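Quick notes on the structure that follows.
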Amino acid sequence: MDVDATATDVSMEAPQAELLLPWVEKYRPASLDQLVAHEDIIRMIERMMAKKTLPHMLLHGPPGTGKTSTIMALAKTMYKERYKSMTLEMNASDARGIDVVREQIKTFVSVKQLFGSVDGQPKLVILDEADNMTSTAQFALRRMIEQYASNCRFILICNYSSKIIPALQSRCTKLRFAPLSQEQILGRLEYVAKCEKIQLTNEGAKAIVQVAGGDMRKVLNVFQTTSMGHAGRVDAGAVYTSTGVPAPEEIDHFLKTLLNGSVSFAASLTSLKGLLSAKGYALDDFLLLMHKQIIALDLPVRQRLQLTVALADIDWRLKQGCSDSIQLGAIVGIFHEARALGGA
């Protein structure tokens, strides 16, 4: 057996594994002071942790706003090397029934640690996407929260707090995580680009923010995907090409065509079909960006209102599975109606 060769192979595995690690995990904050947003919430959690008065918590807000990262950082700060033995992490969307509450969670919270607690801190049960749990499972969880409050804290993470039963909400401290600001996201992008030695242009960074819609998880995924296809340099064109999302310039050009009174219905429809076909854009992506551009356009209030309501109707029909071709015609039609309304 070649011991030296084996040792060399093992030593090469760590860098290779880190290279293949998704950036969402690679750059997940390891401590509370590494978080880039929600300073008020972080300070409050730090005070409760220092006083050992950590309550059950319900963290809610849009995806990618740092809910899970905050709790992971809290657990690692509290437990350090015993992090894995003192926490139970579960995704409630995968295991949402009452059996999970009765078996896995109950087993974890009822078993005492062999070496006792860590500095008097309780265990943590982290339930991600808790709004996907059934009502029956939530009621069972309520009883368990009461029974094991002396040695365990439950952290519920969800997008919509309205889907959590009132009995659970009343037993938790509710913390809302607002979307990250553009400045906070751009700062994190700059840090990742520096660590990965990638040239990220200002336009490229803004394009990533626009495509991700304030979701930090999506920001990092888009950045990683784009950088893999455009090694060394990421600009706005690379971002839109990699994600298959229309560039704002394309949307703006097409809106001007639709609002131009000299362009016929047939010509407008042919132009839109050609753009979607040539670039392979999804109509619902195109529709969403079109709505954002309309809000920013200098249009009469009645025109903007009519277009916004009509686009919402078209979006609903697309979600119901209606024909894309028919809805393309509807898009062109509503702009021709709006032109008539505005006296174009």
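If I ask for residues that are polar (S, T, N, Q) and either under 16 Å from residue 263 (Cα atoms) or more than 28 Å from the chain's Cα centre (by Cα) (or both), which ones from the range 294-344 would you list? Scanning the range 294-344 gives 303, 306, 323, 325, 327.
Residues in the range 44-57 that are touching a helix residue (DSSP H, G or I) at 6+ places or on another chain (Cβ under 9 Å) and closer than 30 Å to residue 192 by Cβ: 45, 46, 49, 57.
Taking only the range 208-220 into account, find how many residues are in contact (Cβ under 8 Å) with a residue 40 or more places away in the chain and within 10 Å of residue 243 (Cβ to Cβ). Result for the range 208-220: 2. If I filter the range 250-259 for residues that are under 17 Å from residue 336 (Cα atoms) and of a type in the set (Asp, Glu), do I get at least one hit? For the range 250-259, residues under 17 Å from residue 336 (Cα atoms) and of a type in the set (Asp, Glu): present. Just one residue in the set 164, 198, 157 is of a type in the set (Val, Ile, Thr) and farther than 30 Å from residue 111 by Cβ; that residue is 198.
In this structure, is residue 169 surrounded by fewer than 21 Cβ atoms within 10 Å (Cβ to Cβ), in contact with a Lys or Arg (Cβ under 6 Å, 6 or more places away or on another chain) and over 20 Å from residue 64 (Cα atoms)? Spelling it out, it is not the case that residue 169 is surrounded by fewer than 21 Cβ atoms within 10 Å (Cβ to Cβ), in contact with a Lys or Arg (Cβ under 6 Å, 6 or more places away or on another chain) and over 20 Å from residue 64 (Cα atoms).
Evaluating residue 200 against the criteria (1) under 18 Å from residue 25 (Cα atoms); (2) more than 19 Å from the chain's Cα centre (by Cα) leaves one unmet condition, (1). Which residues, counting only those in the range 27-55, are in a helix (DSSP H, G or I) and among the charged types (D, E, K, R)? Those that are in a helix (DSSP H, G or I) and among the charged types (D, E, K, R): 33, 39, 40, 43, 46, 47, 51. Considering only residues in the range 264-309 that are in a loop (DSSP other than H, G, I, E, B) and of a type outside the set (Phe, Trp, Tyr), the one that is surrounded by the most Cβ atoms within 10 Å (Cβ to Cβ) turns out to be 299.
Go through the range 122-172 and give me each residue that's assigned to a helix (DSSP H, G or I) and among the β-branched types (Val, Ile, Thr).
Going through the range 122-172, the residues assigned to a helix (DSSP H, G or I) turn out to be 130-132, 135-147, 161-163, 166-169.
136, 145 - these are the residues of the range 122-172 that are assigned to a helix (DSSP H, G or I) and among the β-branched types (Val, Ile, Thr).
The set of residues from the range 57-100 being among the β-branched types (Val, Ile, Thr) and modelled with pLDDT of 85 or more comprises 65, 68, 70, 71, 77, 87.
From the list 270, 243, 257, the one residue that fits, being modelled with pLDDT of 85 or more, farther than 30 Å from residue 193 by Cβ and not hydrophobic (A, V, I, L, M, F, W, C), is 270.
State yes or no: is residue 270 among the polar types (S, T, N, Q), farther than 18 Å from residue 334 by Cβ and over 22 Å from the mean Cα position of the chain (by Cα)? Write out each step before concluding.
Numbers: among the polar types (S, T, N, Q): yes; farther than 18 Å from residue 334 by Cβ: no; over 22 Å from the mean Cα position of the chain (by Cα): yes.
Answer is no for this residue.
Just to be sure I understand the filter: pairs with C-beta atoms under 7 Å, separated by 6 or more residues or on different chains, first member in the range 98-113 and over 18 Å from residue 139 (Cα atoms), second member at pLDDT 70 or above and surrounded by fewer than 16 Cβ atoms within 10 Å (Cβ to Cβ). Which pairs pass? From residues that are over 18 Å from residue 139 (Cα atoms), the pairs are 113/85.
The values are calculated or read from the model by the stated rules, or taken from the named source; none is laboratory data. Here the structure is a predicted model, which means the values were calculated and not measured. All Cβ positions, even for glycine, are placed from backbone atoms using ideal geometry, and neighbour counts span all protein chains on display.
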